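Enquirer: Once you've had a glance at the structure underneath, I'll fire off some questions.
The values are calculated or read from the model by the stated rules, or taken from the named source; none is laboratory data. Since we're looking at a predicted model, the values are computed, not measured. With ideal geometry, Cβ positions are generated from the backbone for all residues, glycine too; neighbour counts draw on all protein chains shown. These accessible areas exclude ligands, DNA and RNA; they are computed on the full protein's heavy atoms, side chains included. Shrake-Rupley method; radii C 1.70, N 1.55, O 1.52, S 1.80 Å.
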Amino acid sequence: FVQSKEGAVLVKCHPPEWIIKELQARCGWTGIPALEAIVEAPMLRPDGTMIDRPGYDATTGLLYIPNGDFADAPPASRDSAVEALAALHDLVCDFPFATRAHRAAWVAAVLTPFSRFAFAGPSPLNLVDANVRGAGKSILADITSVIVAGRMMPRMSPAQDDAEERKRITTLVMSGTNLVLIDNIVGSLGSQALDAALTATTWRDRILGKNVDVELPVLITWYATGNNVALVGDMSRRVLHVRLESPEEKPETRTGFKYHPILRHVQRHRRAYALAALAILRAYCGAGRPEQPISPWGSFDDWSRLVRHALVWTGDADPGDTREALRAESDTAASALVDLI
C-alpha cells in the first residue's frame with residue numbers, strides 16, 4: 001500500500017527480494033499440495049486407474065493439462081486389450097523388426113511413459129538400432145513421442161565424455177523433461193553418468209557455475225537410436241532393445257507403405273493409439289495383475305512387473321527376450337575374460 005491524499009492505495013509491484021528468499025528457504029507450505037510433474041496425456045495411477053480429468057490429481061501429485069481430446073475413454077477388458085495390441089502392431093507393420101520380441105520391446109517403449117508414475121523405480125533405456133541407415137529408427141522413436149506427447153521427441157547428440165554427460169543429465173532433470181532421445185549414436189553408448197541415471201530414482205549434482213547442489217527425482221524415459229550400436233560396460237542390462245533388420249541396402253527408397261506419411265497419420269489418430277496403450281495397462285491391472293512366467297529384470301523389477309507382464313498377459317512376446325542376444329553382442333569385456341580363463 002502507498003499513502004496518498006485519498007489514503008492508502010494498493011499498487012502492484014514486485015515483492016522484495018528478502019521475501020522471495022524467505023519463501024524459498026521454507027521449501028514447503030502447509031495446505032499447499034506438492035507438484036510432482038505436469039503431464040499432457042492421460043496417465044496410469046499406481047492403483048491401475050487412469051488420470052482422465054484435467055487439473056490436479058491428489059493421488060499422484062500430477063497436474064494434468066491435456067493437449068488433445070482424450071475424454072470418455074471406454075472401459076478396459078482383456079478383449080479390448082487384445083484389440084489395442086493388434087492396433088499398435090498394425091501401426092508399425094512396415095517396420096522390419098528382427099523378431100516378435102523386438103516388436104514387443106517397441107510396444108513396451110510406448111507403454112512406459114503412460115505408466116511412469118504407476119511403478120516405483122526406474123525404467124530401462126529404449127534403444128532402437130538397425131543394421132543399415134534409413135531403416136526407420138528415428139521415425140519409430142517419433143511415433144512413440146507423438147502418441148505420448150503429441151509432438152516429435154526432443155533430441156540430443158551423444159556426449160563426448162562422462163563429465164559432459166553428467167552436466168546434461170543434471171540440466172534435463174532440473175528442466176522436468178519426461179522424454180529424451182539420444183539420436184544417431186555412432187559407435188558405442190555408455191558412460192558412468194548415464195549408467196547411474198538409468199538406475200537412479202533421484203539425481204544429485206552441483207549446478208554448473210554455482211556452488212549449489214540439487215537433488216531431484218529422475219522421471220525421464222530414455223530413448224536412443226543408432227546403427228549397430230555397441231554398448232559399453234554394464235549398459236546392456238539397462239537397455240530394452242528394439243532391433244530393425246532391413247533386407248534392403250537403401251531402405252529409405254522403399255514405397256508402398258500402409259500408412260504414409262506415418263507421423264501425420266499418428267497425429268490424426270493420436271487419441272486412439274494413446275488409449276490403446278492405456279487399455280493394455282488398465283485391463284491388466286483390472287485383472288489383478290496376474291503373474292506371468294517370465295524371468296525378473298534386476299534394477300527394473302517394478303517396471304517389469306507392470307509393463308512386461310501386461311504385454312505377455314495380453315498375448316505379446318516378452319520384450320525381455322531381447323536381452324540375451326544384446327548381452328552376448330555387447331559385453332565384449334566379459335567375453336574376453338571368459339576366453340582368457
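Enquirer: In whole percent, how big is the carbon plus sulfur part of the accessible area of segment 122-238, probe 1.4 Å, protein atoms only?
Expert: Details: 2570 of 4940 Å².
The value for segment 122-238 is 52 percent carbon and sulfur by accessible area.
Enquirer: May I pose another question? Would you be so kind as to identify which of L194, I143, I169 lies farthest towards the positive end of the dipole of segment 141-194, taking Lys and Arg as +1 and Asp and Glu as -1 on Cβ and the Cα centre as origin?
Expert: The residue sitting most towards the positive pole is I143.
Enquirer: So, with +1 on the Cβ of K and R and -1 on the Cβ of D and E, and no other charges, what is the size of the charge dipole of segment 263-333 about its Cα centre, to the nearest 20 debye? It would help to have the intermediate numbers written out before the result.
Expert: Working: 10 positive and 9 negative charges, 142 e Å.
About 680 debye.
Enquirer: Roughly how many debye, to the nearest 20, is the charge dipole of segment 124-229 about its Cα centre, given +1 on each Lys and Arg Cβ, -1 on each Asp and Glu Cβ, and no other charges? Working shown, then result.
Expert: On the way: 10 positive and 11 negative charges, 53 e Å.
Dipole magnitude for segment 124-229 comes out near 260 debye.
Enquirer: Something else about it: Could you compute how fast segment 59-135 diffuses translationally, taking Rh as the Kirkwood radius over C-alpha pairs and applying Stokes-Einstein at 10 °C with viscosity 1.306 mPa s? Give it in µm² per second. Kindly include the intermediate steps, with their values, before the conclusion.
Expert: Values: Rh = 15.4 Å.
Here the translational diffusion coefficient equals 103 µm²/s.
Enquirer: Could I ask something else about it? Would you mind working out the accessible area per residue for the chain, using a 1.4 Å probe, and quoting it in Å²? The partial results should precede the final answer.
Expert: Numbers: 17590 Å² over 341 residues.
With the other protein chains kept in place, the chain gives 52 Å² per residue.
Enquirer: Report the gain in length on full extension from I341 to A25: 0.36 nm times residue separation, minus Cα-Cα distance, nm rounded to one decimal. Mind dumping the intermediate values first?
Expert: Working: separation 316, 0.36 × 316 = 113.76 nm, distance 5.75 nm.
Full extension of this stretch gives 108.0 nm more.
Enquirer: Roughly speaking, to the nearest percent, how much of segment 1-110's 1.4 Å accessible area is carbon and sulfur? Working shown, then result.
Expert: Details: 4100 of 7100 Å².
The computed percentage sits at 58.
Enquirer: OK, next. Is the shape of segment 33-92 best called rounded, prolate or oblate, per the rule: a/c under 1.5 gives rounded, else a/b larger than b/c gives prolate, else oblate, with a ≥ b ≥ c the square roots of the Cα gyration tensor eigenvalues? Walk me through the intermediate numbers first.
Expert: Values: a/c = 2.49, a/b = 1.94, b/c = 1.28.
Prolate is the answer for segment 33-92, as a/c is 1.5 or above and a/b outweighs b/c.
Enquirer: Here is a follow-up. Mind telling me which of P158, P296, P33 comes out most flexible in a GNM of the chain, alpha-carbon contacts under 10 Å?
Expert: In this elastic network of the chain, the residue with the biggest mean-square fluctuation among P158, P296, P33 is P33.
Enquirer: Under the classification rounded if a/c is under 1.5, otherwise prolate if a/b is larger than b/c and oblate if not, where does segment 200-341 fall, given a ≥ b ≥ c as square roots of the Cα gyration tensor eigenvalues? Before the final figure, lay out each step's value.
Expert: Values: a/c = 1.29, a/b = 1.15, b/c = 1.12.
It comes out rounded by the Cα gyration axes.
Enquirer: Still on this structure: Once Rh is set to the Kirkwood radius over Cα pairs, what Stokes-Einstein translational diffusion coefficient, in µm²/s, holds for segment 101-219 at a temperature of 20 °C and a viscosity of 1.002 mPa s? The partial results should precede the final answer.
Expert: Numbers: Rh = 15.5 Å.
Translational D for this selection: 138 µm²/s.
Enquirer: Which shape class, rounded, prolate or oblate, goes with segment 1-149 when its Cα gyration tensor gives a ≥ b ≥ c as root eigenvalues, a/c under 1.5 marks rounded, and past that a/b bigger than b/c marks prolate?
Expert: prolate
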